[in-house]
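We did not get these values from a lab; they are worked out from the coordinates using the rules stated. Being a predicted model, the structure only gives us computed values, none of them experimental. Cβ placement follows ideal geometry from the backbone for every residue including glycine, while neighbour counts extend to all protein chains displayed.
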Amino acid sequence: MNALWAIAMITFKEGIRNRAIFGILLLALLLAAANFFVSGMIMQEIGKVAVDIGLSSISFSGLMLVLFVGINLMAKDLDRRTIYMVLSRPISRYQYIYGKFFGMTLLVLASTALVSLFSLGAVALIKVGAQDFFPRFSWPSVFLAIVFITLMLILLTALTFLFASFTSTSFVTLILTVVSYLIGQSTSGVRTLVEAPNVVGIKVSAFTVKLVQGAYYLFPNLSLFDIKTQAAHGLPVGADYILWTFLYWLLYTTLAITFAALIFRRREFP
């Protein structure tokens with residue numbers, strides 16, 4: 001446990017020192033500032049727009065963090081062959097993978113909290129100046145949306161470790177992660193479309209239906225974690241939805257990082 005925690009803290013500190021994270025935080029600040037200008041152009045919907053932009057900036061900044069910092073934290077050890085020095089110590093490969101994952105999870109939590117502070121600060125200031133245009137605003141809904149975004153980023157982090165456990169370069173890991181993210185965001189809607197083609201008057205082959213269904217169950221359904229619309233409109237989210245989404249996240253994340261550890265344990269390094 002001590003070795004695992006040590007790897008986690010080293011990974012967290014490496015992530016903080018990564019230059020890319022400063023660019024991501026600067027981007028988050030710019031998006032928070034842009035919220036004032038964009039939402040001000042749509043006065044009748046200023047409350048909905050402000051919340052949507054604020055949550056979108058948190059999600060986008062977190063995605064950049066996972067893609068350009070998270071992937072690099074493990075790929076750097078493999079590309080520079082420092083993995084040999086790490087594994088030569090009394091540290092198992094399981095501890096290495098889990099330690100790296102927990103360290104990256106800490107980085108995601110800390111970065112999301114900081115970016116959320118910027119974004120929610122902008123929303124709060126806009127709300128003070130346009131109180132009448134926030135009729136159904138709900139802070140609990142906004143905070144729940146941020147929690148869901150954080151869970152999605154942690155799940156995506158687990159996927160990057162799964163891909164990095166068997167790929168040879170960080171570029172391949174990046175491509176696989178991006179593809180998984182895009183499919184995960186759209187697979188639920190596409191599945192609904194192909195399973196009921198008569199609704200929109202299209203013809204779908206049986207092979208396409210099976211392919212989409214396979215992708216739906218294989219790739220993570222990231223659309224479950226997107227409740228920005230509910231938060232923007234102040235709509236309640238059912239307790240059963242929250243529970244099942246959390247259980248889905250826990251199961252998928254656990255399986256992804258466990259398979260990553262199993263594959264990495266059997267991997268041979270040149």
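Tabulated results
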quantity	calculated
Point-to-point label distance, PHE166-MET9, nm (Cα→Cβ direction, 7 Å offset)	3.5
Two-site FRET efficiency, ALA20 against LEU117, from Cβ-Cβ distance with R₀ of 22 Å, rounded to 0.05	0.65
Partner lysines for LYS100 [C-alpha distance under 24 Å; skip if fewer than 8 residues away on the same chain]	LYS13, LYS76
Length released on extending from VAL147 to THR254, taking residue separation times 0.36 nm less the Cα-Cα span	36.7 nm
For the range 17-30, 3J(HN,Hα) per residue [Karplus equation, 6.51 cos²θ - 1.76 cosθ + 1.60, θ = phi - 60°, Hz, x = Gly/Pro]	7, 5, 5, 4, 5, 5, x, 5, 5, 5, 4, 4, 5, 5
Spatially proximal lysines relative to LYS48 (Cα-Cα < 21 Å; intrachain offsets below 8 disregarded)	LYS127, LYS228
